[in-house]
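Structure first, then comments.
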Amino acid sequence: MHDAIHPFARLDPARVVAAVESLGFWLPGEPFALNSYENRVYLVHDDERRRWVVKFYRPERWADAQIQEEHDFLAELADEGVSVAAPWRDAAGASLHHHDGFRFAVFPQLPGQAPELESPEHLFALGEVIGAVHAVGERRAFAQRRTLAPAAMAEEAVQGVLDSGRLDARQRRAYARVSEALREHLADGAVERASFLRAQGDCHLGNLLGRDGHFALVDFDDCLMAPAIQDLWMLFTAQDEGERQMQLSEVIEGYEQHRDFDRAELALVEPLRTLRLLRHSAWLVDRWEDPAFPRAFPWLVDAGYWDSHIRQLEQQRQALEAAPRWLAGGP
């Protein structure tokens, strides 16, 4: 049984409370589990009615030094007034804590809702907060975190899917064929020729929270060295020319309140989208032993999912072979 062997199976509410209270907090209520699969994340409140988000890191994913570099980057950003959630530190200055075999950190809860990409005001504000992050992120390089390497990451992802046993013979042939074409595109070195900086790395809408037109960027678990566009491309969802121009102009104008944006990086939008598509399916099959994954993603075992995924990859191949639509005619 998955639940009997996976480390997170031991992480019951009592153990969560004991871990947080080992730091000197007192929690009068039960922890509330938030939607998180890579790690385990809980909302708690203490006896002073402060609300905290407690993250328990997936065992063996990151080294302590890599997690600490994430925390130090967040502290640096917070010191500069950037809207992020920096981890709480104890009297000795420690932000990464250990309890009963788990590593965890405590963050202040930042309330808010996900942005609306149809709103020019929201797009400007999103560009502004990401630009503020990058203005600090470009000052120095990470020493411990990963560096974005599309060809190597795609190769790892594709091999993981092919080795998973989830595809039948027909799907395996189709997947191998289209993934090889995609990897050839990602091996052209275009991403590597861009300027790299410290980036949040996983800037989807669930990690952008705000209200009244002001947004904060949360969850730096995937922070890495990458081009600036890595944190921007998921905001570009337009299907028609008018919306495309609006998204580009608002996001970039907001971003450039803090630093210049190299518009040549817009040619990397579809390569980065390709890499995310490949890595997402590989992530699902790689994490299948975690009991949370079969419950949350039961459709992964259906042939229909893989047929749909292969069609999506074929569409992405066509997007890569077309002229970069985000670059052409951009602001």
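The values are calculated or read from the model by the stated rules, or taken from the named source; none is laboratory data. Predicted model only: the values in this text are computed from it and were never measured. Cβ: placed from backbone, ideal geometry, glycine included. Neighbour counts: every protein chain shown.
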Would you mind stating whether A216 is among the hydrophobic types (A, V, I, L, M, F, W, C) and assigned to a helix (DSSP H, G or I)?
no
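Select, from G101, G160, G189, the only residue that is closer than 30 Å to P7 by Cα, of a type in the set (G, A, S), out of contact with any Leu (no Cβ under 9 Å at 6 or more places or on another chain) and exposed (fewer than 13 other Cβ atoms within 10 Å of the Cβ).
Answer to the selection: G101.
Residue by residue, here is whether (1) at positive phi; (2) part of a loop (DSSP other than H, G, I, E, B) holds:
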| position | (1), (2) |
| --- | --- |
| V16 | no, no |
| Y42 | no, no |
| V53 | no, no |
| E60 | yes, yes |
| H71 | no, no |
| R89 | no, yes |
Determine whether the stretch 2-11 contains at least one residue that is in a strand (DSSP E or B) and not assigned by TED's automatic domain parsing to the domain that holds R139.
no
Do you know which residues across the stretch 89-142 are touching a residue at least 12 places away in the same chain (Cβ under 8 Å), of a type in the set (A, V, I, L, M, F, W, C) and under 20 Å from Y57 (Cα atoms)?
L96, F102, F104, A105, V106, F107, L110, F142
Of all residues in the stretch 220-255 being in a loop (DSSP other than H, G, I, E, B) and out of contact with any Asp or Glu (no Cβ under 9 Å at 6 or more places or on another chain), the one that is surrounded by the fewest Cβ atoms within 10 Å (Cβ to Cβ):
Q239
So W299 fits all but one of (1) at pLDDT below 95; (2) assigned to a helix (DSSP H, G or I); what number is the exception?
(1)
I'm trying to understand the selection: among the residues of the stretch 172-221, which are within 21 Å of the chain's Cα centre (by Cα), over 26 Å from A141 (Cβ atoms) and aliphatic (A, V, I, L, M)?
L205, L209
Going by what's in this entry, would E138 be described as among the acidic types (D, E) and either under 15 Å from L208 (Cα atoms) or outside the structural domain of S281 (by TED's automatic domain parsing) (or both)?
no
Does H309 meet the test of being out of contact with any His (no Cβ under 7 Å at 6 or more places or on another chain), more than 20 Å from L217 (Cβ to Cβ) and surrounded by fewer than 16 Cβ atoms within 10 Å (Cβ to Cβ)?
no
Check A216, A199, A181 and return the single one that is assigned by TED's automatic domain parsing to the domain that holds R139 and more than 19 Å from V82 (Cβ to Cβ).
A181
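Here is a yes/no grid of residues against (1) polar (S, T, N, Q); (2) closer than 25 Å to A216 by Cβ; (3) touching a residue at least 12 places away in the same chain (Cβ under 8 Å):
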position	(1), (2), (3)
D231	no, yes, yes
G242	no, no, no
L248	no, yes, yes
H258	no, yes, yes
E270	no, no, yes
E289	no, no, yes
Odd one out for R166, checked against (1) outside any loop (DSSP other than H, G, I, E, B); (2) touching a residue at least 12 places away in the same chain (Cβ under 8 Å); (3) basic (K, R):
(1)
Every residue in the stretch 119-152 that is under 20 Å from L248 (Cβ atoms) and part of a loop (DSSP other than H, G, I, E, B), please.
S119
Output the number of residues of the stretch 302-331 satisfying the condition of being assigned to a helix (DSSP H, G or I) and farther than 25 Å from E270 by Cβ.
2
Looking only at the stretch 1-35, which residues are surrounded by 17 or more Cβ atoms within 10 Å (Cβ to Cβ), within 24 Å of E60 (Cβ to Cβ) and free of Cβ contacts under 8 Å to residues at least 24 places away in the same chain?
P31
Tell me whether the stretch 169-189 contains one or more residues that are assigned to a loop (DSSP other than H, G, I, E, B) and in contact (Cβ under 8 Å) with a residue 40 or more places away in the chain.
no
